[in-house]
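Bear in mind these aren't lab numbers, they're just calculated from the coordinates by the rules spelled out. In this text the structure is predicted, and so the values were computed from the model without any measurement. Here the Cβ positions follow ideal geometry from the backbone for every residue, glycine too, while neighbour counts run over all protein chains shown.
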Amino acid sequence: MKQLFNVIDNKLLTFDTIENMDWHFINNIEEMETYLYSQTAVDTCWLDLRENNSLILKLTKAQERATWDKEIVPIIQSRLKEVGYIEYLNDIEMDLFNCHLNITHLHKNKLWNTIFKAYKKGNFPCGWLGSYPEGKLVVFNPNANSM
């Protein structure tokens, strides 16, 4: 949990300028939302991909979810308000909860490991370019044009 707190407190959507050949960077909000929410305009539907790989129903105990909702969600919410991306709270909170479960239960799910790496670098993973698992993670970073 300590690693996750560090990401939320210090890195969540800081949009650091980085290079990663395994990621496809975008800097346009409309394009980000297309990847994030479209079920037809992209090769791999991000909602379906995350839902199909979700660990929440498999690994979550009621008390763990209650603790997460009470202690962690308000911190994420506060951070997103601070940086101006509160409208993506549900997506980001669910991603981070799945990342937490993946780490806690040593599940080693490739998708959640990849997503967590993007969050650790201050970026917003929002889709998949290509047909999963081939292709690249789509990462929103408004500073991407300067990379």
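The shape of the stretch 96-143 can be summarised by an equivalent ellipsoid whose semi-axes, obtained from the alpha carbon gyration tensor, come to 19, 15, 6 Å from longest to shortest.
Annotation: peptides 70-76, 93-99, 12-18, ranked by per-residue average of other Cβ atoms within 10 Å with the highest first, follow the order 93-99, 12-18, 70-76.
Run through the DSSP bridge list for the chain and note the antiparallel percent, rounded to the nearest 5. Can you show the working numbers first?
Details: 6 of 10 bridges.
Rounded to the nearest five, the antiparallel share is 60 percent.
In the elastic network of the chain, a GNM with C-alpha springs shorter than 10 Å, the most mobile of Asn52, Asn27, Asn90 is Asn52.
Taking a straight line from the alpha carbon of Lys121, these aspartates and glutamates sit under 17 Å away, with near neighbours fewer than eight places off in the same chain left out: Asp9, Asp16, Glu19, Asp22, Glu93, Asp95. From zero outward in steps of 10 Å, how is the percent of C-alpha pairs of the chain spread across the bins? Final binned percentages: 11, 43, 37, 8, 0.
Can you pull a Stokes-Einstein diffusion coefficient for the stretch 1-72 at 37 °C (0.692 mPa s), Rh from Kirkwood over Cα pairs, as a whole number of µm²/s?
On the way: Rh = 15.3 Å.
For these conditions, the coefficient is 214 µm²/s.
Once the C-beta distance of Asn143 and Thr40 is scaled by a Förster radius of 22 Å, the resulting FRET efficiency is 0.15 to the nearest 0.05.
Using a 10 angstrom cutoff on alpha carbons, build the Gaussian network for the chain and name the most mobile of Lys110, Lys11, Lys61. With Cα springs under 10 Å in the chain, the top fluctuation among Lys110, Lys11, Lys61 is at Lys61. Estimated at 0.36 nm per residue, the fully extended path between Leu47 and Asn6 surpasses their Cα-Cα distance by 12.2 nm.
Taking Gly130, Gly122, Gly84 as the candidate residues, the one with maximal mean-square fluctuation in a Gaussian network model of the chain, Cα springs under 10 Å, is Gly84.
Viscosity 0.692 mPa s, temperature 37 °C: what is the translational diffusion coefficient of the stretch 61-147 from Stokes-Einstein with a Kirkwood Rh over Cα pairs, rounded to a whole number of µm²/s? Translational diffusion coefficient: 232 µm²/s.
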